[in-house]
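Step one of this worksheet: look at the structure below.
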Amino acid sequence: MKQDIVNVLNEIEKNDFEAYIIGGYVRDKLLGIESYDIDIATSALPKDLIKIFNISSKRTTMYGTMKLLSNKYRFDIATYRKELSYDGRRPDNIEYIKSLKEDILRRDFTINTIAMNKNGDILDYQNGIKDLQNKIIKSVGDANLKL
């Protein structure tokens, strides 16, 4: 794994929070595709991320995410959360949570729920790797459930 990525994960973890790469970067890595957009899911709250990375609160969003650049990498760091209600396709009410397992339930497709730690170890709670290998796009949860 590239040192820029490990450095960001290390900064979060050395402050006693969990941090995992999740989604498209992990999926692309498994497919052998180089990617520079990295989503990180963490137990750190936005206020914690502001302190850890010494950034302005203006770089965070109402969804608990923060953008960070490091050389050619673009990071979106998001606090574990539940999306309680939506305004169209955007969540308008969220709740911060402490569990990666619960956070992945809000994601769109199983192939985007695959997570990786800084050592390259994979966490695949929704069998996204199997779906990726079988070239299946499967929604997380009930796709017919109206939000």
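In nm, what is the difference between 0.36 nm times the number of residues separating D87 and I137 and their Cα-Cα distance? Write down the numbers at each step before the final one.
Numbers: separation 50, 0.36 × 50 = 18.00 nm, distance 2.50 nm.
Gain on extension, D87 to I137, equals 15.5 nm.
Give me the aspartates and glutamates in straight-line cross-link reach of K29: C-alpha distance below 18 Å, same-chain residues under 8 apart excluded.
Leaving aside aspartates and glutamates fewer than 8 places away in the same chain, those within reach of K29 are D4, D37, D39, D76, D121, D124, D131.
Quick one: accessible surface of F53, probe radius 1.4 Å, all protein chains present, in square angstrom to the nearest 10.
40 Å²
Taking 25 Å as R0, compute the FRET efficiency from the Cβ-Cβ separation of D37 and N117 and round it to 0.05. Mind showing how you got there, number by number?
Values: r = 18 Å, r/R0 = 0.74.
E between D37 and N117, to the nearest 0.05, is 0.85.
In deg cm²/dmol, rounded to 500, what helix-only [θ] at 222 nm does the chain give when every DSSP H run of at least 4 residues adds -39500 (n - 2.57) and the total is split over its residues? Write out the running numbers ahead of the final one.
On the way: 5 runs with 37 residues, N = 147.
The helix contribution divided over the chain gives -6500 deg cm²/dmol.
Within the stretch 1-80, what whole-number % of the accessible surface is contributed by carbon and sulfur, with the 1.4 Å probe and all protein chains included in the calculation?
Within the stretch 1-80, the accessible surface is 48 percent carbon and sulfur.
Just to verify a number: what accessible area does S139 come out at with the full protein assembly present, 1.4 Å probe, Å² rounded to tens?
Accessible area of S139: about 40 Å².
Among S56, S43, S35, which one shows the highest mean-square fluctuation when the chain is modelled as a Gaussian network with alpha-carbon springs under 10 Å?
S56
Once ligands and nucleic acids are excluded and a 1.4 Å probe is used, how much of D87 is accessible, expressed in Å² to the nearest 10?
Number for this one is 110 Å².
Tell me, what is the Rg over Rh of the stretch 1-79, with Rh the Kirkwood radius over Cα pairs?
With Rg and the Kirkwood Rh in hand, the quotient comes to 0.95.
Among L45, L132, L69, determine the one that fluctuates most according to a GNM of the chain built with springs between C-alpha atoms less than 10 Å apart.
Highest fluctuation of the listed residues: L69.
Taking only Cα atoms and a 10 Å spring cutoff, compute GNM fluctuations for the chain and point out the largest among R27, R81, R106.
R106
K82: which aspartates and glutamates have alpha carbons under 12 Å from its alpha carbon, excluding same-chain residues fewer than 8 sequence positions away?
Those aspartates and glutamates meeting the cut-off are D92, E95, E102, D103.
Rolling a 1.4 Å sphere over the protein heavy atoms, what is the accessible area per residue of the chain, to the nearest Å²?
With the other protein chains kept in place, the chain gives 59 Å² per residue.
The values are calculated or read from the model by the stated rules, or taken from the named source; none is laboratory data. The structure displayed is predicted, hence computed values, not measured ones. No Cβ is skipped: glycine too gets one built from the backbone with ideal geometry, and neighbour counts run over all protein chains shown. For accessibility, only protein heavy atoms count, side chains too; no ligands or nucleic acids. Shrake-Rupley method; radii C 1.70, N 1.55, O 1.52, S 1.80 Å.
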